[in-house]
Amino acid sequence: MALVSLTIDQFRCLEHVELGFDPKYNLFVGANASGKTSLLEAVFFLGRGRSFRSRRLERIIRQGQPDFTLVGRVQHGGPPVVLGVRGARGGTEIRVGGAPAQSAADLAVHFPPQVIDPEIHKLLEEGPSRRRRFLDWGVFHVEHQFMGVWQRYYRALKQRNAALRQRGSEALAAAWDGELAQAGEQLATLRERYVAQLEPDLVRIGRQLLDLEVTVVHHRGWAAEFTLAEALQQSAERDRRYQITQVGPHRGDITVRVEGYAARERVSRGQQKLLAAALTLAQLGLQDRMAPGRSALLLDDPAAELDATNLGRIVEVVQQLPVQLFVTSLRPDLVGLGRPGALFHVEQGRIAPAA
Ligand SMILES: Nc1ncnc2c1ncn2[C@@H]1O[C@H](COP(=O)(O)OP(=O)(O)OP(=O)(O)O)[C@@H](O)[C@H]1O
Ligand SMILES: [Mg+2]
């Protein structure tokens, strides 16, 4: 059991919606612009503290309203935990179990959703920041020290970059090198270890989805033959010139390979979607093994984006994952995941009463 219920207020086109969920499979069906993706987005926001569609809260808040609120109840084994998110133009407020929480990570511990939506190919197609975010989300779920290391590294990086922007502050910038190198090595090692853990699942799912050998290579963000301390020393002059730190895990990335070749150069858009889905499903499987019974998978209109063969392959992999499903579709018969435990008919931002 993961998400038991969710109350949504003033989120996108959803004025006020109360939903009770099935622990296995929830299907939202409705016409274009009825509010299906908005419902998935709200479920995602409850666990991630952000949207998968927009970074701008003012786009997500229902037009003409000051803020949105989401209140969800999650349960796995013990007593239920209430998660709350309020989004206003100035930012989000998070509550877990009635008390204010520090960050979105506090939500994700209880309810970590993953999404496969029509934009998923961007994970491979766009710059490295999406892939770093993907990596870090995965590492967060398997390595307890991750948050501390991540925060240390990015704090040191911010301070060092601030010093680099001030003329004559070379010594101040260099004062951060020790901390940056130490936390940076740790962060890169955690990511590397995670990628090694992820790869067997990726290979297996890649085979199931594409019938090809899919592998993944991690890049630390500096030349592999040097320590980060050495790399920082070597780039000191460049760092000064460009007034920004050029090496370190903030430049880290992964390359997905298909049959040994960089996927970006080799595959079609449809295959890119399957590859990105394979990465997401591999991560979801690993995440669920670390904390069983909490994870959810959100599939936004899978039938619209994939041909019948590929949809069938995704469905097969998804059915093997013991996670709570939230799926949208124009018609109930299009998905192929069997009978939903809960079927919601969405009409103009409302859930139609059961016929
Ligand atoms: N901030 C907002 N306030 C009010 N309405 C909004 C807001 N943002 C988006 N909408 C509207 O919400 C409606 C539903 O959008 P949504 O993307 O959820 O539809 P959908 O059911 O997923 O459609 P499709 O099948 O085309 O994907 C759209 O008409 C959109 O214009
Ligand atoms: Mg949609």
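Rule-based calculations on the coordinates, nothing more; no lab input. Because the structure is a prediction, the values reported are computed rather than measured. We place every Cβ from the backbone using ideal geometry, glycine too, and count neighbours over all the protein chains shown.
Some observations on this one:
- Rounded D (µm²/s) - the chain, Kirkwood Rh over Cα pairs, Stokes-Einstein at 25 °C, 0.890 mPa s: 113 µm²/s
- Think of the chain as having a plus end and a minus end, set by charges on the Cβ of Lys, Arg, Asp and Glu; of LEU299, PHE52, ILE116, PHE52 sits farthest toward the positive end of this dipole.
- Dipole in debye (nearest 20) - the stretch 211-285, about Cα centre, beta carbon charges: Lys, Arg +1; Asp, Glu -1: 320 debye
- Sorted largest first, the spans of the alpha carbon positions of the stretch 40-181 along the three principal axes are 51, 38, 32 Å.
- When you restrict to C-alpha pairs under 8 Å that are six or more residues apart and normalise by the size of the stretch 119-290, the relative contact order lands at 30 percent.
- Taking the fewest neighbouring Cβ atoms within 10 Å as the starting point, the ordered list for ILE244, ILE61 is ILE244, ILE61.
- Ascending count of other beta-carbon atoms within 10 Å, so fewest first, for TYR153, TYR261: TYR261, TYR153
- Packing order of peptides 230-242, 170-182, highest average first: 170-182, 230-242 (average count of other Cβ atoms within 10 Å over each peptide's residues).
- Note on the chain: antiparallel DSSP beta bridges, both residues inside, total approximately 70 percent of the bridges counted.
- Put a plus charge on the Cβ of each Lys and Arg, a minus charge on the Cβ of each Asp and Glu, and nothing anywhere else: the dipole of the stretch 119-290 about its Cα centre is then about 560 debye.
- Positive-end residue of VAL149, ALA196, VAL258, charge dipole of the stretch 119-290 with Cβ unit charges: VAL149
- Gap separating the Cα centres of the stretch 114-158 and the stretch 305-325, nearest whole Å: 24 Å
- Relative intensity of the stretch 76-126 on a log10 scale, I(q)/I(0) at q = 0.16, 0.19 Å⁻¹, equals -0.65, -0.78, per a Debye sum over C-alpha point scatterers of equal strength in the absence of solvent.
- Computed from the C-beta positions of GLU15 and SER268, the FRET efficiency with R₀ = 56 Å rounds to 0.85.
- Cα-based radius of gyration for the stretch 203-355, normalised by 2.2 N^0.38 Å, reads 1.42.
- Charged-residue dipole, Cβ positions (Lys, Arg, Asp, Glu), the chain about Cα centre, Debye nearest 20: 740 debye
- For the pair GLU213 and GLN182, a Förster radius of 25 Å applied to the C-beta separation gives a FRET efficiency near 0.10, rounded to the nearest 0.05.
- Estimated from helical segments only, the mean residue ellipticity of the chain at 222 nm is -13500 deg cm²/dmol, where each DSSP H run of four or more residues counts as -39500 (n - 2.57).
- Likely footprinting exposure, PHE140, PHE111, PHE28, fewest C-beta neighbours within 10 Å first: PHE140, PHE111, PHE28
- For the stretch 119-290, the Cα-based Rg and Dmax, in that order, read 17.6, 57 Å.
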